[in-house]
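The values are calculated or read from the model by the stated rules, or taken from the named source; none is laboratory data. On a predicted model such as this, the values are computed, not experimentally measured, just so you know. Neighbour counts run over all protein chains shown; Cβ positions are idealised from the backbone, glycine included.
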Amino acid sequence: MQYKAIVLDVDGTLVAHGEPSARPAVAAAVKAAQKKGVKVVIASGRTSFAIEPQILGGIKPDYMICANGAQILDGQGRLLYSQDLTAEEMYALVDFFEDFDYPLAFNFTDNYYVYVEYKAMWEFYKKATGHGEYVLDGEDQDRHLESMPFGAFAILPPEQVEKFQEKYGYLGLKFVPYRPGYYDVMQADVDKARGMERLMELTGWTAEELVFMGDNENDIAMMQLAGCSYCMANGSEKARAAAKHIAPSVQEEGVRQVVEQLFLQ
């Protein structure tokens, strides 16, 4: 099969948790495949400003699917598609999280703004990614007056997700676990696969021409869509079950090994 694009998740797939960037050998393999004509797509829960070339180890993607599919950009950073939270959805999240003092951050075009419990959110993001410069104190809660966010990231006990849905389930918001207690929050019709389908409409690619690599539950729909999909060995149980193949772990540079096998033989 002649694959036209490799689609890569960032955290836990391309970049090991706690490390600041993709390892040089991993980035070199991806760039070598790109030189051979394979298109590179980054598909991440991160927003576009948090996917800089330095984080990607110098990889310059041809396209980016960001905020779990709520943003699509081309290689020059031009926005091709966006989908915002509604004011009702955003205010429901703020009201609930303020009641319990659970950390809540919104994904805006320029930075993550933490509306509830800034310090706790910053410390988590710094520990998880190795840097926290994109996480700003938004507890004055006025950033959305400039533009609405694309999504949210929330820290709360799993049982509290059920309580939120009991009260606000009519909104259809999804809490997709990054790991238990840590959630990407997005609209019902937003996920990486839906973003990929929109990109396929622009590029003419078919699902069979895609190779996808991810590690977590927000990658499951994409694993099911792509003709060839890998879950990292370090991935969640549900993600491993959804993927067509298992790749070596991010610590074993699984992306490098798969790219070399598929594209650089």
query: Of everything in region 92-115 that's of a type in the set (A, V, I, L, M, F, W, C) and not in a strand (DSSP E or B), which residue is farthest from A67 (Cα to Cα)?
result: F100
message: Give me the residue from region 160-185 that is of a type outside the set (D, E, K, R) and in a strand (DSSP E or B) and, out of that set, surrounded by the most Cβ atoms within 10 Å (Cβ to Cβ).
response: V185
query: Does region 64-87 hold any residues that are surrounded by fewer than 24 Cβ atoms within 10 Å (Cβ to Cβ), outside any strand (DSSP E or B) and touching a residue at least 40 places away in the same chain (Cβ under 8 Å), and which are they?
result: Q83, D84, T86, A87
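Out of V15, V38, V10, I need the residue that is in contact (Cβ under 8 Å) with a residue 40 or more places away in the chain, among the β-branched types (V, I, T) and surrounded by fewer than 21 Cβ atoms within 10 Å (Cβ to Cβ). Which one?
Unique residue meeting the criteria: V38.
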field: Candidate set: region 49-63, residues that are of a type in the set (D, E, K, R) and modelled with pLDDT of 95 or more; chosen: the one surrounded by the most Cβ atoms within 10 Å (Cβ to Cβ)
entry: D62
message: within 18 Å of the chain's Cα centre (by Cα), surrounded by 23 or more Cβ atoms within 10 Å (Cβ to Cβ), assigned by TED's automatic domain parsing to the domain that holds A70 and not in a helix (DSSP H, G or I): is that true of M223 in this structure?
response: no
- request: Could you tell me whether any residue of region 137-144 is surrounded by 19 or more Cβ atoms within 10 Å (Cβ to Cβ), in contact (Cβ under 8 Å) with a residue 40 or more places away in the chain and either among the β-branched types (V, I, T) or not assigned by TED's automatic domain parsing to the domain that holds T13 (or both)?
  value: yes
- prompt: Does region 121-130 contain any residue that is modelled with pLDDT of 95 or more, over 16 Å from the mean Cα position of the chain (by Cα) and in a loop (DSSP other than H, G, I, E, B)?
  reply: no
message: So, in region 91-106, exactly how many residues are surrounded by fewer than 19 Cβ atoms within 10 Å (Cβ to Cβ) and free of Cβ contacts under 8 Å to residues at least 60 places away in the same chain?
response: 6
